[in-house]
Amino acid sequence: MTTMADTVLDVQGLFKKFRRGELYTSLRDLIPGLTRRLARREGPGQLEQRDFWALQDVSFSIQRGEAFGIIGGNGAGKSTILKLLTGIMRPTSGSIRVAGRISALIEVSAGFHPDLTGRENIYLNGAILGMKRDEIRRRFDAIVEFSGLEEFVDTPVKRYSSGMYARLGFSVAAHVDPDVLLVDEVLSVGDYLFQRKCVERMNSVIANGATVVFVSHNLREVANLCRRSLLLEKGRVQLIGPTAEVIRTYFSRSQEQRAIDAETGVVLTRVTTHDDAGPRVEFESGGKLRLTVEARARTRHEDLAVVIRIVDDHRYPVFDTCTQRLGAGPINLEAGQAVSCTFELNLHLAEGTFHVDAFLYRYVTSTNYDGWHSAATFFVTGAPEVRGVVTLQPRLAAFDIE
Amino acid sequence: MHHSLREILDHRDLLYMITWREIKVKYKQSVMGMLWAVLMPLVIVCAGLVVRYAFATASGTPLAMSDFTSVTVKAAPWAFFVSALRFGTNSLVTNANLVTKIYLPRLIFPLAAVFSQLIDFLIAGVVIGVVLGVARVGLSVYLLWLPVLLLSLIVLAMALAILFSAASLFFRDVKYLVEVFLTFAIFFTPVFYDSALFGRWAPVLLVNPVSPLLEGLSTTVILHQGPPVLWIVYSLGMTALLFTASVLMFRKLEPFFAESV
């Protein structure tokens, strides 16, 4: 690794094996287990029936001062990677090299003791997160101020609300000075104002040259903080690259995973977003988006309508419409017939990530034949003057100072 | 071994804070607070006196002052040893939350458990000092043995706490085994009596490495005599051996803690 002098974190060929079901928890279970194991004479590295790979051949390296995202669905192995990086667990095989102090903004209040006061817990948790006592003493006031809990600092934390608890935890953790900072979902702590404070703190940590590994389901936050990301799927690295590209791949892959049930009579087969030139997923705010929905019938179906719904990143419905409401007649399909319909939408949307849900619906009987959530995802950019979900295309009509 | 101790030394602030937490939490919301540190050994001393009185009555020999002081001197270290083991054995399981979620040298937990009990022992020790002073036990050059004996007892408690804490993380049975063992240990440890009482069977009792240490305390502090040096050397050897083995084993098992809790 002489060529990468400034690599802070280097991970090579990481494997981690886990076991389903219970481990031996008492001697009674252990003895038959051991005899079975001896009788079978397995070599290491082999998978027993109950074993599975949580991580397989994961390699990546991170440069000093870089913010690096790890993206993936539930159970992809994100948290396992973080646990291996912090040293909580040891990999089955592979190597992790860290240059400097690694610290994690994970489970930031795990070290709290409910019977101790806020003040006592700051010292305790600070030590647990790797700070020296005089380091904590110096930063004590800053920590309390950041948490906004000045009045409650001498109250036992068992009397705190869960929000206060988490805020205090984050405040302590945010004042540890690591070389590598691991962050897992903690930015969803506290109310909106506190969350903003946390994101700002993260940004300043990055600006001060710390290296950050960021794991989150909030892809917009990953996109905001990290230039480069890793896409993890079932414990394997699918892609390492610019965050926008990784997020796009993540969405397109999660769509491919839709298993089409052969028994269903009529199914949605494809949902794509495009413009005049062809398929695309990035659109200008105020521009036009074409949305094509395709479906195929295995048996004869009558009276169908295609419904589309656009939801924002928090799955809040922004808009929906359907062929029927747009004046198309009922769709009747013979066995083997396919239908394709294209909607043209004016994107009066603010910047952000949006998802398309599609449904095949029969109004007469109120039956939903097929539904596909997040069938397509697109990004809207280029409306810096507005915040929120939609743009009402504001114009400053009058501006008087008297 | 060297690496483990180095790591603990690097994390001494954390060791201090965890120990401090154990002490603080132990006496929160308790009316008696630190008084418990004196009361617990006192109960053992009283029990010991009852036993001694029974012995004296049965054998027809009168109860001497040295019997009383000897039980006192042995009861407090024994109380420390028992509670350090009990507390130490559970230390990893009760901190499972930290073991699985945050990385820190886990050796700190059993050590902090022992250290926190040490504070109680210290308080009890001061009280005993006063009692012995009042009883006019007096001083002698043999008191120089005291630090050696106490240190050995503490390290022995650490060794077993380290061993049992790791073991009970994998098998909860260990916790119950230790409980049972500690309940009956008072019968085969010379706390209430002296091993000499058993005549030629005395060595069987002294095989328990705690026994020579307690007897040593009694002979040096109360009787102002030299301790049974060979047996003390045996205890020191066992202590060193157990401590090394425990730390090495702990180090070997530590990577599996988070998955096995």
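Every number here is computed from the coordinates shown, using simple stated rules; none is lab data. The shown structure was predicted, so the numbers you read here are calculated from the model rather than taken from an experiment. Every residue, glycine among them, receives a Cβ derived from its backbone with ideal geometry; neighbour counts consider all protein chains shown.
Quick rundown of the values:
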read-out	value
Candidates per chymotrypsin sites (Phe, Trp or Tyr not before Pro) in the range A:298-386, loop by DSSP, up to 16 other Cβ within 10 Å	A:TYR363
Whole-Å distance, taken between Cα centres, linking the range B:182-203 and the range A:124-168	50
Within the range B:184-261, chymotrypsin sites (Phe, Trp or Tyr not before Pro) in DSSP loop having at most 11 other beta-carbon neighbours inside 10 Å	B:PHE187
Rel. contact order, % - alpha carbon contacts under 8 angstrom, at least six apart, the range B:22-260	27
Prolate/oblate/rounded call for chain A, Cα gyration tensor, a/c under 1.5 rounded	oblate
Whole-percent pair-distance distribution, where bins are 10 Å wide, for the alpha carbons of the range B:22-260	7, 30, 35, 20, 7, 1, 0
Residues A:MET131, A:MET89, B:MET65 arranged by fewest to most Cβ contacts within 10 Å	B:MET65, A:MET89, A:MET131
Spin-label model distance (nm) - A:ASN368 vs A:ASN224, 7 Å beyond Cα toward Cβ	3.1
Over chain A, relative contact order from alpha-carbon pairs under 8 Å, at least 6 apart, %	14
Helix-only CD estimate at 222 nm, as mean residue ellipticity for chain A, using -39500 (n - 2.57) per DSSP H run (n ≥ 4)	-7500 deg cm²/dmol
Loop GluC sites (Glu not before Pro), the range A:282-382, which have at most 13 other Cβ atoms in a 10 Å radius of their Cβ (DSSP)	A:GLU334
Label-to-label distance, nm, for residues given as B:LEU146 and A:PHE319 (7 Å Cα→Cβ offset)	8.6
Bridge type composition, the protein assembly as shown - antiparallel percent by DSSP, nearest 5	75
For B:ILE162, A:ILE308, order by how many other beta-carbon atoms lie within 10 Å, fewest first	A:ILE308, B:ILE162
Column: log10 I(q)/I(0), Debye, Cα scatterers of the range A:223-349, q = 0.15 Å⁻¹	-0.91
Cβ-placed point charges (K, R +1; D, E -1), dipole of the range B:22-260 about Cα centre in debye, nearest 20	340
For A:96-104, mean number of other protein chain Cβ atoms within 10 Å	1
Sorted by Cβ neighbour density within 10 Å, fewest at the top, the residues A:SER285, A:SER374	A:SER374, A:SER285
Peptide-level mean, for A:319-329, of C-beta atoms on other protein chains within 10 Å	0
Rounded to the nearest 20 debye, dipole of the range A:77-217 from Cβ charges on Lys, Arg, Asp, Glu	420
Gain in span if fully extended, A:ASN203 to A:ASP51, counting 0.36 nm per residue against the direct Cα distance	50.7 nm
Within straight-line cross-link reach of A:LYS234, lysines at Cα separation under 26 Å, skipping those fewer than 8 residues along the same chain	A:LYS16, A:LYS17, A:LYS78, A:LYS83, B:LYS101
Three-way shape label, the range B:46-109, alpha-carbon gyration tensor, a/c 1.5	prolate
Residue-averaged [θ]222 nm for chain B, counting only DSSP H segments that reach four residues, each worth -39500 (n - 2.57)	-24500 deg cm²/dmol
Nearest-0.05 FRET efficiency for B:ARG172 and A:THR155, computed from C-beta distance (R0 45 Å)	0.80
Shielding score for B:10-21, defined as the mean number of other chain Cβ atoms within 10 Å	5
